[in-house]
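Worksheet: the structure to be examined is printed underneath.
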Amino acid sequence: MSDPSVRVAVYPGSFDPITRGHEDLVYRSLRLTDRLIVAVAHTATQKKSALFSVEDRVELIRSVFADEPRIECTSFRGLLVDFCRQKGADLVVRGLRAVSDFEYEFQMAQMNHELSPGLETVFLTPDVNYSFLSASLVREVARLGGDVSAFVSPRVLARMQEVLGR
Ligand code: ADP
């Protein structure tokens with residue numbers, strides 16, 4: 001049973017892999033909520049360009065936030081609004097980097113609000129140093145042999161090097 005006095009927020013995404021930009025958003029979110037669930041979506045992630053399995057992403061996120069008991073991580077299938085309902089969450093956190101993020105995010109937030117009127121989406125902007133950072137760019141640069149050590153935590157970097165055979 002969920003405790004109504006404890007605010008729960010969900011931060012959904014593909015997190016392939018979790019970057020410093022995602023981490024920045026997670027820590028900012030903790031100012032808005034008691035518990036944060038980082039939720040790795042199964043649907044958006046079955047692309048050929050995926051680097052990690054959903055299970056590996058969850059494990060990496062758990063290891064990155066191992067010292068923060070207010071953060072948990074799990075994967076989900078199906079509609080985000082159903083997952084939020086099941087977890088007792090009334091807040092969805094998403095990131096806005098540039099204007100290019102806005103249209104898709106705006107549509108999703110409106111749709112989720114239609115589907116579940118009690119659910120609010122909040123948008124957070126990252127530290128300016130991470131405003132250009134996306135997981136897809138990190139994957140691409142790493143695949144081409146570039147140094148991504150400034151963009152992911154050391155544990156994530158080590159696993160990327162393993163997976164890429166470096
Ligand atoms: P990607 O990182 O490839 O854009 P995700 O699905 O993992 O995709 O992103 C999940 C959420 O995190 C989205 O709302 C996205 O806008 C946000 N996000 C991702 N990277 C950043 C960043 N560097 N700064 C702020 N928000 C971000």
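Of all residues in the stretch 7-26, exactly one satisfies the criterion of being over 19 Å from ARG139 (Cα atoms) and open to solvent by 50 Å² or more (accessible area, probe 1.4 Å), namely ARG7.
Considering VAL122, VAL92, the condition of being in contact with a Cys (Cβ under 9 Å, 6 or more places away or on another chain) and within 15 Å of the ligand (Cβ to nearest atom) is satisfied by VAL92 alone. Can you tell me how many residues in the stretch 99-126 are part of a helix (DSSP H, G or I), touching a residue at least 12 places away in the same chain (Cβ under 8 Å) and open to solvent by 30 Å² or more (accessible area, probe 1.4 Å)? Residues meeting the conditions: 2. What do you reckon, is ARG57 within 11 Å of the ligand (Cβ to nearest atom), part of a helix (DSSP H, G or I) and surrounded by fewer than 19 Cβ atoms within 10 Å (Cβ to Cβ)? For ARG57, the condition - within 11 Å of the ligand (Cβ to nearest atom), part of a helix (DSSP H, G or I) and surrounded by fewer than 19 Cβ atoms within 10 Å (Cβ to Cβ) - is not met. Does the stretch 40-50 contain any residue that is assigned to a loop (DSSP other than H, G, I, E, B), among the small types (Gly, Ala, Ser) and touching a Lys or Arg at 6+ places or on another chain (Cβ under 8 Å)? Among the residues of the stretch 40-50, at least one is assigned to a loop (DSSP other than H, G, I, E, B), among the small types (Gly, Ala, Ser) and touching a Lys or Arg at 6+ places or on another chain (Cβ under 8 Å), which makes the answer yes.
Kindly list, by first and then second residue, each pair from a residue in the stretch 1-29 that is closer than 18 Å to ASN129 by Cβ and in contact (Cβ under 8 Å) with a residue 24 or more places away in the chain to a residue that is open to solvent by 50 Å² or more (accessible area, probe 1.4 Å) and more than 10 Å from the ligand (Cβ to nearest atom), limited to pairs with Cβ atoms under 9 Å and residues at least 6 apart or on different chains. Pairs found: ARG20/ALA150.
Taken as a whole, the stretch 127-134 holds no residue that is open to solvent by less than 50 Å² (accessible area, probe 1.4 Å), more than 10 Å from the ligand (Cβ to nearest atom) and outside any helix (DSSP H, G or I).
Consider the stretch 89-98 and keep the residues that are farther than 20 Å from ILE18 by Cα and of a type in the set (A, V, I, L, M). The one that is surrounded by the fewest Cβ atoms within 10 Å (Cβ to Cβ) is LEU91.
Results for (1) within 22 Å of ARG57 (Cβ to Cβ); (2) modelled with pLDDT of 95 or more, shown as yes or no for each residue.
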| residue | (1), (2) |
| --- | --- |
| VAL93 | yes, yes |
| LEU115 | no, yes |
| VAL128 | no, no |
| ARG143 | yes, yes |
| VAL148 | yes, yes |
| ARG155 | yes, yes |
| GLN161 | yes, yes |
| ARG166 | yes, no |
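Can you tell me which residues in the stretch 139-162 are of a type in the set (Lys, Arg) and open to solvent by 40 Å² or more (accessible area, probe 1.4 Å)? Within the stretch 139-162, ARG143, ARG155 meet the criteria. Against the definition (touching a strand residue (DSSP E or B) at 6+ places or on another chain (Cβ under 9 Å), within 15 Å of the ligand (Cβ to nearest atom), part of a loop (DSSP other than H, G, I, E, B) and modelled with pLDDT of 95 or more), how does ASP24 come out, yes or no? Taking the combined requirement at face value, the residue does not satisfy it.
Every condition in (1) within 21 Å of VAL163 (Cα to Cα); (2) within 12 Å of the ligand (Cβ to nearest atom); (3) part of a helix (DSSP H, G or I) holds for VAL141 except the one numbered (2).
The values are calculated or read from the model by the stated rules, or taken from the named source; none is laboratory data. This structure is a prediction, so every number in the text was calculated from the model and none was measured. Every residue, glycine as well, gets a Cβ built from its backbone with ideal geometry; the counts of neighbours run over all protein chains shown. Only protein heavy atoms, including side chains, enter the accessible area calculation; ligands, DNA and RNA are left aside. Shrake-Rupley method; radii C 1.70, N 1.55, O 1.52, S 1.80 Å.
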